[in-house]
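The values are calculated or read from the model by the stated rules, or taken from the named source; none is laboratory data. Note that this is a predicted model, so its numbers are computed, not measured. Every residue, glycine as well, gets a Cβ built from its backbone with ideal geometry; the counts of neighbours run over all protein chains shown. What goes into the accessible areas is simple: the full protein's heavy atoms, side chains included, and nothing from ligands, DNA or RNA. Shrake-Rupley method; radii C 1.70, N 1.55, O 1.52, S 1.80 Å.
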Protein chains: 2
Amino acid sequence: MKLNKRNLQEQNDHIYDAVVVGGGAGGLSAGIYLQRYLLNTLIIDKGKARSLWMQELHNYLGLPPDTPGRELLKQGKEHYLSLNGDWLNAFVEDVTDAGDYFIVRVKIGRSNSVYHSFKTRYLVAASGVIDHLPQLENMQNVFDYAGYNLHVCLICDGYEVVDQRVGIFGASEASLGVAEPLSWFTRDIVLLTNGQFEVSPERKKSLADQGFELVETPIKQFLGENHQMTGVELENGSKVQLQAGLVSMGSRYHSDYLNGIDLDYKGGNLITDDMLRTSHPRIFAIGDLKVGMNQVIVAASDGAKAATQIWRDIRRVEGSRRAGKAIAA
Amino acid sequence: MKLNKRNLQEQNDHIYDAVVVGGGAGGLSAGIYLQRYLLNTLIIDKGKARSLWMQELHNYLGLPPDTPGRELLKQGKEHYLSLNGDWLNAFVEDVTDAGDYFIVRVKIGRSNSVYHSFKTRYLVAASGVIDHLPQLENMQNVFDYAGYNLHVCLICDGYEVVDQRVGIFGASEASLGVAEPLSWFTRDIVLLTNGQFEVSPERKKSLADQGFELVETPIKQFLGENHQMTGVELENGSKVQLQAGLVSMGSRYHSDYLNGIDLDYKGGNLITDDMLRTSHPRIFAIGDLKVGMNQVIVAASDGAKAATQIWRDIRRVEGSRRAGKAIAA
């Protein structure tokens with residue numbers, strides 16, 4: 001059932017088996033499996049899953065390679081709702097461990113916001129990451145190309161830029177290191193600092209030795225039309241022709257709501273076991289938020305594993321299904 | 001390119017980057033990723049992937065829940081071939097480790113068979129398992145229902161049999177233990193031994209205490225029509241009404257071709273690391289053949305991980321892409 005400001009109060013005393021934070025590929029797959037295990041699930045989604053930006057999935061088994069990410073999310077959400085899972089569009093503010101259950105506090109609506117708390121036995125952190133993008137004065141100019149031929153994922157899109165002239169948009173000297181794996185796909189590489197950081201003489205020599213260009217002038221705007229980026233115009237008026245771009249500026253991790261709970265991280269990623277359990281026995285982390293490959297198919301698999309382990313946990317304690325449990329028609 | 005008896009000889013001196021044994025969900029996903037890493041791949045498929053039997057996938061994110069397994073396989077094969085991967089319908093007889101590469105010997109064609117050997121640097125074992133089924137005089141009678149409402153996977157299909165009267169078809173006393181997780185979905189359970197094994201008095205008491213029925217008479221045939229099994233007729237002429245069945249008779253592991261290589265197993269499953277590498281550095285095992293959950297979405301994720309690790313390995317050694325490498329149009 002889709003929850004909203006009006007029907008929220010019905011849920012006040014309810015304790016969910018699992019609340020899934022994030023309605024992207026990982027969260028939807030977890031939700032589908034959880035509901036099929038007859039576990040009562042709520043997915044809380046703030047919108048803007050990373051895969052929503054992907055114009056073509058390219059490498060997801062079972063879908064034509066030109067399937068947009070939003071199609072996968074739409075199909076998955078329909079699938080989940082058809083299994084009677086609960087869904088709420090909201091932002092998770094924080095999670096408190098109350099011993100037997102968690103209290104998940106959410107903010108609903110950007111304006112005239114309503115706050116509400118849910119109880120749940122298990123928590124699945126599937127809220128992912130979002131890529132930092134070049135910060136230009138007119139951000140619409142960036143959004144026009146991001147996810148088209150301004151890529152953020154080398155594994156996904158290296159194949160799309162074979163032997164093309166590709167600009168790497170970095171955020172630090174270290175972030176330029178992506179040129180090395182990118183050079184498997186193309187040798188025609190231009191590195192752009194957007195005037196945001198210094199590049200050491202050693203790195204400059206190394207880049208030059210490999211035949212890569214370095215552009216340190218700030219960027220004025222991306223050039224192109226119909227979502228196809230053709231290069232950048234620099235602040236000094238000169239232009240750099242490109243056939244594609246790769247943004248290598250790191251990510252923002254959507255895990256602030258977990259700050260009140262002591263969990264093990266590696267960098268910004270949550271550390272989990274084989275079944276995606278974090279260092280807290282009733283918190284699972286799946287998809288881009290955990291240590292591992294940031295791929296849609298991996299996130300979907302993570303969701304299946306986490307849901308299965310949660311079912312095993314609950315079954316071990318309860319033995320058989322609770323009476324009065326909602327059953328599919 | 002699809003290989004066959006006629007165009008085989010062109011490949012004689014070629015060393016593939018990776019040969020994938022098995023064209024099921026895991027193998028296809030590996031092949032798609034490998035080709036997108038510009039690695040030269042051959043998938044060898046003997047047909048009859050386990051997912052081919054599945055009439056409805058139910059829990060694969062991105063596909064409607066009534067999608068047949070064969071549709072996923074068809075789409076995946078088209079996807080792989082569109083990336084210029086090689087494909088051969090054949091049976092892998094054995095694999096020999098020649099140091100820098102493996103020699104993969106195959107048998108092509110069931111009659112007038114031709115034998116051929118391929119060379120490859122990496123091997124991906126994606127040949128899976130196949131479920132043992134009740135052995136009746138008329139096996140067509142079993143195949144008529146297997147994959148419809150005669151299920152083989154509790155995780156996949158527990159949801160489909162909620163509160164139904166379900167027959168468990170076992171192969172040993174231990175195999176009857178599946179009644180415990182099945183009882184999460186339904187309490188109306190009949191266990192059938194088909195007269196093939198003894199059940200201890202302790203087990204009988206335990207089953208009776210839980211309200212489960214035990215039928216030890218041999219089975220004559222499944223009853224039903226239009227692929228919907230409605231029960232079984234026993235050799236003594238009596239009938240057992242059922243609404244669904246769950247076969248719990250173990251699996252045959254398709255890994256005989258690896259017998260000449262020393263690898264670590266747990267039961268019939270290959271032990272791998274996080275990136276699906278076996279105890280041999282250039283052999284990966286994915287999907288049902290490795291230790292882990294037997295799910296289509298997991299196998300597909302495994303393929304992505306194994307392919308990525310193989311690419312990382314090869315890139316580390318070679319630095320940049322080989323000249324003359326086939327590039328997508």
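Answer with yes or no whether B:VAL129 is among the hydrophobic types (A, V, I, L, M, F, W, C) and touching a residue at least 60 places away in the same chain (Cβ under 8 Å). In short, yes. Restricting the range A:134-167 to residues that are hydrophobic (A, V, I, L, M, F, W, C) and over 25 Å from B:THR308 (Cα atoms), the residue that is surrounded by the most Cβ atoms within 10 Å (Cβ to Cβ) is A:VAL142. Looking at the range A:168-283, the strands (runs of 3 or more DSSP E) lying wholly inside it that each contain 1 or more residues that are open to solvent by 10 Å² or more (accessible area, probe 1.4 Å) sit at A:213-215, A:219-225, A:228-234, A:239-241, A:244-248, A:251-253. Within the range B:1-14, is even one residue basic (Lys, Arg), under 26 Å from B:ARG321 (Cα atoms) and within 11 Å of chain A (Cβ to nearest Cβ)? Within the range B:1-14, not a single residue is basic (Lys, Arg), under 26 Å from B:ARG321 (Cα atoms) and within 11 Å of chain A (Cβ to nearest Cβ). Consider A:GLN309 carefully, then state whether it is in the same structural domain as A:ASN194 (by the TED database) and open to solvent by 10 Å² or more (accessible area, probe 1.4 Å). So A:GLN309 fails the test.
Has the range A:88-97 got at least one residue that is of a type in the set (Phe, Trp, Tyr) and in contact with a strand residue (DSSP E or B) (Cβ under 9 Å, 6 or more places away or on another chain)? Yes, the range A:88-97 contains a residue that is of a type in the set (Phe, Trp, Tyr) and in contact with a strand residue (DSSP E or B) (Cβ under 9 Å, 6 or more places away or on another chain). With respect to the conditions (1) surrounded by fewer than 22 Cβ atoms within 10 Å (Cβ to Cβ); (2) farther than 14 Å from A:ALA126 by Cα, A:GLY47 falls short on a single one, namely (2). Taken over the range A:300-317, residues that are over 15 Å from B:MET293 (Cα atoms) and more than 7 Å from chain B (Cβ to nearest Cβ) amount to 4. Taking (1) among the polar types (S, T, N, Q); (2) open to solvent by 30 Å² or more (accessible area, probe 1.4 Å); (3) more than 30 Å from B:HIS79 (Cβ to Cβ); (4) under 23 Å from the mean Cα position of the chain (by Cα) in turn, A:GLN55 satisfies each apart from (3).
Looking only at residues in the range B:1-13 that are out of contact with any strand residue (DSSP E or B) (no Cβ under 7 Å at 6 or more places or on another chain) and in a loop (DSSP other than H, G, I, E, B), the one that is least open to solvent (accessible area, probe 1.4 Å) is B:ASN7. Of everything listed in (1) open to solvent by 20 Å² or more (accessible area, probe 1.4 Å); (2) among the hydrophobic types (A, V, I, L, M, F, W, C); (3) over 19 Å from the mean Cα position of the chain (by Cα), the single unmet condition for A:VAL95 is (1). Of the residues making up the range B:106-116, those that are open to solvent by 20 Å² or more (accessible area, probe 1.4 Å) and in contact (Cβ under 8 Å) with a residue 24 or more places away in the chain are B:GLY109, B:VAL114. When you go through A:GLY47, A:GLY62, A:GLY22, A:GLY99 one by one, which is the residue that is in the same structural domain as A:SER279 (by the TED database), touching a His at 6+ places or on another chain (Cβ under 8 Å) and small (Gly, Ala, Ser)? A:GLY22 is the lone residue from the list that is in the same structural domain as A:SER279 (by the TED database), touching a His at 6+ places or on another chain (Cβ under 8 Å) and small (Gly, Ala, Ser).
Selection of the range B:151-167 for residues being within 14 Å of chain A (Cβ to nearest Cβ) and not in a strand (DSSP E or B) yields B:CYS153, B:LEU154, B:ILE155, B:CYS156, B:ASP157, B:GLY158, B:TYR159, B:GLU160, B:VAL161, B:VAL162, B:ASP163, B:GLN164. Among the residues of the range B:137-170, those that are out of contact with any Phe, Trp or Tyr (no Cβ under 7 Å at 6 or more places or on another chain) and of a type in the set (Gly, Ala, Ser) comprise B:GLY167, B:GLY170.
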